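Input: one structure, supplied below.
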Amino acid sequence: MVRDTHQDLPAAIAAWAWFLKCCFRDRLSPDRFAALVPVHFTNHRYPLPPVFAADALLRPTEDGNSRHDPLALAYLTHLLEQQRVDTASVLRALLKYSTIHVRVQGIRGTAALAGHGANKEGDATSHGDGTQKKRQILRWKNSYHEERLVLSRLARAVKEGTAIKRCRSVVEVAKVLARWMPLLAEAADDFSRDPWGTLNGPQGRATYRTLQGLRVNDETERSRKAFIVFLAAFSDNTLVRHTLRRRLCRGTCKLLSDALRRFMPWVMQVSPDLATRLDLFRTETLCKHLPTDKKEADEALTYMDGLINLDNAPVPDVPVVNSRAGLYIYLSAALVGRPMIDDSALFAYLHNRYQGDLQSTAVQLILASFDLLANAVFRNEGPKTGHLLKSFVVNKVPLILVSLVSMSSMYPFNAEMCITEALRQVDTNVFPTLSGMFEMSNTNSSFHDSVRQDFCFACQLHGLLSPAATESLLGDITYQSLPDEGRYVKETLVQSCLQDVDRTLKLIGELDNMNGNVGAAAQAIIEVIGSLCRNRETMTLKHLCSQLAAKPLSLDVLLLFDRPQKILHPLCELLDNWAGYEEDQGEYQPVYEEFGSILLLLLAFAYRYSLSPAALGIRSPDSFIGKLLSGGSLYRPLEELNEQEKSHLNGWIHGLFDPEAGGLGDDLMASCPPQDFYLLMPTLFHQIAMGLSAGHLTDDMLKGGLEYLVGVLLLPSLVPALLYLSNQLWVSGPQIQPAIIKILQVIVRPSSISGEASNMLSSVLNIVAKPLEHDLRSYQRQDPKCQEVEPLLRAIKENLELSRRTGGADHTELESWCGTYLNNGINGAAAHSGLPAAVRHTVQSLVQWAQHPPLNGMPATYTHRQTLAAVKMLGAKRVLSVLLDELKSLTDTPQAGTAYDVVTTLICAPDVTNDTSLASSSSSSSSPLSHSASSHSPTANRTAAAAAAAGSSSPPGSAATDGRLSLRQALKAEADYWKRIRKTDAALSDAVVRLHRRVEAQTAPPPPAPSAEDEAAAVAAATAAMLSSTQPHHELGGLGVGSDAAALEDALAAAAAAGVHDGMCSIFPGLKSAVTTRRG
């Protein structure tokens, strides 16, 4: 009997579709599904091709097209194991119904799709009467997450050699990949042009309205990254390479090669290493059988191009200018979020920028510091932001100047003359003199009014200014004086603090001072904390940590003088290895209290500055701190808990809410270490929310139970709890949300609380206020009639300004930048709108101000948050294109040198969102201003300086730790193709080469220190030159350098006390012998 395949195939497809529908309807378990599949195919003897089996499983339906059913992915795993579907069929089905089509079609324009809906595409279908009718292809509304999972699993299978076993499968997969790449590339291109999705109709505009901070991500990025991983695994497969090298596959290779060439820039953004491997695969495998004449022409062109490189390319010169805007931008970037004033990196940058001209270095550093604070005043950023900037000016800059004074034997330098010259250019309206403060225009006192005199007295404290010079700079009226205790020395402070804990508590209070002594106080506090951690003096440490956690602004000041690893690594070690809990403690409540107070300080640092476990030097997967920071706000289902964790959870629930259990006793805390308790908090509060929503907990029971957690004993545990509740308020449904609001009311606005607990609760709210406020407002938009949200928002209002300092832009800033429109067609410049226009306008204003800086005038308004937001939202390539476009338009103008200085600094500036130096070091690095000269060798400091300047082989602003392309990486990629750019745009090619050279020069690591013989020869030559000079004084930078021996000796003594001498030797070779000779 001859089988009618035309009838059997539709019947088989229909039967398979009905089978799947029944499985989804009955929620059949994956194991049961795997057992029934062979039975189904046995009953329906016609073999169903894999393409139809995969299509039926992965396509959406009219009544369920939001996201894939979780069972579908589980079923897919079994179908792959049983070889009912294959890799090519799965990729084809994913591509056919992917949400990416929706994004691309919306950007292309909806005219061609009018009347067909937002997520459907027409597909021609023939009918018996010869007519064609559009068949609607229903797309998933959001398939990115599932695509990422499936592509990742397929990539793993390809790498293991189980997914592709035949040559025919290789060809089929290659053809599907060639269709994937153009779609992903077009979607990425569209996102860079329209990141808000506003061209996608009401849904895109709604997305724009809900943007907060920098939470603007390309949804297609999930699929794109997973696809790139699969593509790399495919290219590395031995069978794939063997098959595609055959001449019969030439057409497939051409198809895949063309698609890969267009897709390569987006691979470069994800991973330059993968891009290199894929390009090698394209050239060696896919292009092996391309036409011979084209191949030979490419080889000849490559040979000719190899004769000229970036170093010897002829480019018209543009004068090098160290403008006032350059260091202003650099310091703004270093202080926009977590303070990134690493001394070694800063000195290396200053040396590269000013090439040993200490006079210009000092003057420009002082000017840039005051400009930065004046900009904060002009932008109304408030005293909380201004506190860090003011402390930098008064407490940090004098120490940097002291280190420069210690070099005056090698380089001519007079600190007093430099300070006088710089303050002459500082705006007296913003920073008045002492006499000017009594004028009518300055009657309203502000945090910035006293900066000039505070800075002068701090400089006098460190021997940089004489009393007469201070009086001359400030006027006749001088009511301020030097601190009664004199200049602090770190070693002396550490000894006194270790003997008297009250002295340490007093020093913490002095971190708010503006007298020049804060640097030594901060370093002493950090040393004391490290010593207490090593000695496990947890009772003393508890008081210090509690006081510091309550003062987020003091955390900023601490980081002005040392890296976060130096402060936090000892705390991590202590908390991860909390000793003695296995022994009989007698009382366990003090243990919980000490543990919680210490942990609260660490959480305050980690969340305020968005520090990852890697940034804290945590490498072990078993680290408690690592688990808490990476997943401590996520609850775990009960089936994932082991028996001990279930027992702990049951004990805490009964202890909190069961009156008959007797409350929280020592037995419960003895059985549950504090690490386990803190990791259980999200799961515990999930059970509380579920119990409250189901009516198992009454409001009175809830208040009674949570009273235990709002006490000093357990209050720090509310950090992971509140973060969990905040997340759930965003993602959960209306059944759980009212219960979460009730819980938040009890915690955030407790009816009764002690004074000590109230202070600690304020510290907790400082940590969680920002995400909590965001999620509360999101819930408020969902339920505008809810009256319970507004009191909660008022309760955390005071904590918002202290919650985060990460460099992220506020939504109001984003809206103002994205509403900018700039039409500048002059000199061939393109018109821009939105965020690109805002970036270009900022560059223009900085260039104009730096070209003609007004005497006693305000600086150009600038915040580095704009640059960080632009790179994150538009991508580094798009931002670099805007910067290069501006450079092109100014190349032949007098502003060219200044423009290159501004753009170069924007690229070289530290990036607080991608600080590779944190992840590269597991413990504290030595810092010139943080340690004494006797405790670190010049070699160690030199190594630290080189690592900081080079970003551990990735300089600041270079490789992005989260996979994003940095501005410097984007420039390097452009520079690699400068010859190709020159063929179409010579001016752009020149700009790329010129900018790349300047960026590399400013980010170069410091040179290695010379040998002792070289140092002696350099000193002898310098001495001979000074003795043979006919001039009594050197003249440099327009400033006369006198021979004030007393001031010089004071400065040298201050430098030695601050411990900066050996650190500076690592940056400026030959300094050590010179200073030693001078001291002798």
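Bear in mind that the values in this text are calculations on the coordinates, not laboratory data. Since the structure is predicted, the reported quantities are computational estimates derived from the model, not experimental observations. Note that we place each Cβ from the backbone using ideal geometry, even for glycine, and neighbour counts take in every protein chain shown.
Extension gain LYS506-THR893, at 0.36 nm per residue separation less the Cα-Cα distance, in nm?
Numbers: separation 387, 0.36 × 387 = 139.32 nm, distance 5.67 nm.
Answer, rounded to one decimal: 133.6 nm.
So how do 844-850, 703-709 stack up, highest first, on mean other-Cβ count within 10 Å? Could you put the intermediate results ahead of the total?
Values: 844-850: 21.3, 703-709: 18.3.
Highest to lowest by the protection proxy: 844-850, 703-709.
Also, quick follow-up: With viscosity set to 1.002 mPa s and temperature to 20 °C, compute the Stokes-Einstein D of the stretch 591-686, Rh being the Kirkwood radius across alpha carbon pairs; µm²/s, no decimals.
Details: Rh = 14.6 Å.
Approximately 147 µm²/s, per Stokes-Einstein.
Moving on. Report the extension gain between GLU798 and GLU537 in nm, rounded to one decimal, defined as 0.36 nm multiplied by the number of residues separating them, less their alpha carbon distance.
On the way: separation 261, 0.36 × 261 = 93.96 nm, distance 3.34 nm.
Full-extension gain reported as 90.6 nm.
Express in nm, to one decimal, how much length is gained between SER751 and SER630 on full extension, taking 0.36 nm for each residue of separation and deducting their alpha carbon distance.
Additional length available on full extension: 40.3 nm.
Ranked highest first by average number of other Cβ atoms within 10 Å, how do 339-352, 158-171, 141-154 line up?
Numbers: 339-352: 25.0, 158-171: 16.7, 141-154: 19.9.
Final packing ranking: 339-352, 141-154, 158-171.
Something else: Net charge near VAL171, counting Lys/Arg +1 and Asp/Glu -1 over other residues with Cβ under 12 Å of its Cβ? Let's see the in-between values first.
Working: positive: ARG166, ARG168, LYS175, ARG246, ARG250; negative: GLU172.
Once positives and negatives cancel, what remains is +4.
Return P(r) of the stretch 553-638 (all Cα-Cα pairs; 5 Å bins starting at 0; whole %; ordered from short to long distances).
Once binned at 5 Å, the Cα pair distances of the stretch 553-638 give 3, 12, 23, 22, 18, 13, 6, 3, 0, 0.
Rounded to the nearest 0.05, what FRET efficiency do LEU9 and LEU641 have when you use their Cβ-Cβ distance and R0 = 51 Å?
0.55
Given the pairs LYS96/LYS872; LYS551/LYS797; LYS551/LYS770; LYS384/LYS551, which span a C-alpha to C-alpha distance of over 22 angstrom in this model?
Working: LYS96/LYS872 30 Å; LYS551/LYS797 16 Å; LYS551/LYS770 17 Å; LYS384/LYS551 11 Å.
Violating the 22 Å limit, Cα to Cα: LYS96/LYS872.
Still on this structure, please answer the following. Just add up the charged neighbours of GLY516: K/R +1, D/E -1, any other residue whose Cβ is under 12 Å from the Cβ of GLY516. The partial results should precede the final answer.
Working: positive: LYS396, ARG487; negative: ASP454, GLU485, GLU510.
Within the 12 Å Cβ shell, the charges total -1.
So how strong a dipole does the stretch 669-810 carry about its Cα centre when Lys and Arg Cβ are +1 and Asp and Glu Cβ are -1, to the nearest 20 debye? Mind showing how you got there, number by number?
Numbers: 11 positive and 13 negative charges, 55 e Å.
In total the dipole reaches around 260 debye.
While we're on this one: Evaluate the distance, in nm, between pseudo-label points positioned 7 Å from the Cα of GLU813 and of LEU482 along their respective Cα→Cβ axes.
4.0 nm
Could you sort the peptides 796-804, 310-318, 397-405 by per-residue average Cβ neighbour count (10 Å cutoff), highest mean leading?
Packing order, densest peptide first, comes out as 397-405, 796-804, 310-318.
Here's a follow-up. Can you pull the one-decimal nm distance between simple spin-label points at ARG241 and ASP258, each 7 Å off the Cα toward Cβ?
Simple spin-label model gives 2.7 nm for this pair.
All other residues with a Cβ under 13 Å from the Cβ of VAL710 taken together, and with Lys, Arg as +1 and Asp, Glu as -1, what is their net charge? Write down the numbers at each step before the final one.
Values: positive: LYS703, ARG749; negative: GLU707, GLU756.
So the environment of VAL710 carries a net charge of 0.
Over the stretch 624-763, calculate the relative contact order: mean separation of alpha carbon pairs under 8 Å at least 6 apart, over the residue count, as a percent.
Values: 118 pairs, mean separation 37.2, N = 140.
It rounds to 27 percent for the stretch 624-763.
At 7 Å along the Cα-to-beta-carbon direction for both LYS785 and ASP622, put a label point, then send me their distance in nm to one decimal.
About 5.5 nm separates the two model spin labels.
So, one more: Computed FRET efficiency, Cβ-Cβ of THR428 and ARG379, R0 22 Å: what is it to the nearest 0.05? Please report the intermediate quantities before stating the final value.
On the way: r = 20 Å, r/R0 = 0.90.
Step by step, r from the Cβ atoms, then E = 0.65.
Still on this structure: Dipole of the stretch 547-691 (Lys/Arg Cβ +1, Asp/Glu Cβ -1, origin at the Cα centre): which of LEU599, ALA550, LEU664 lies farthest to the positive side?
It is ALA550, whose Cα lies furthest towards the positive end.
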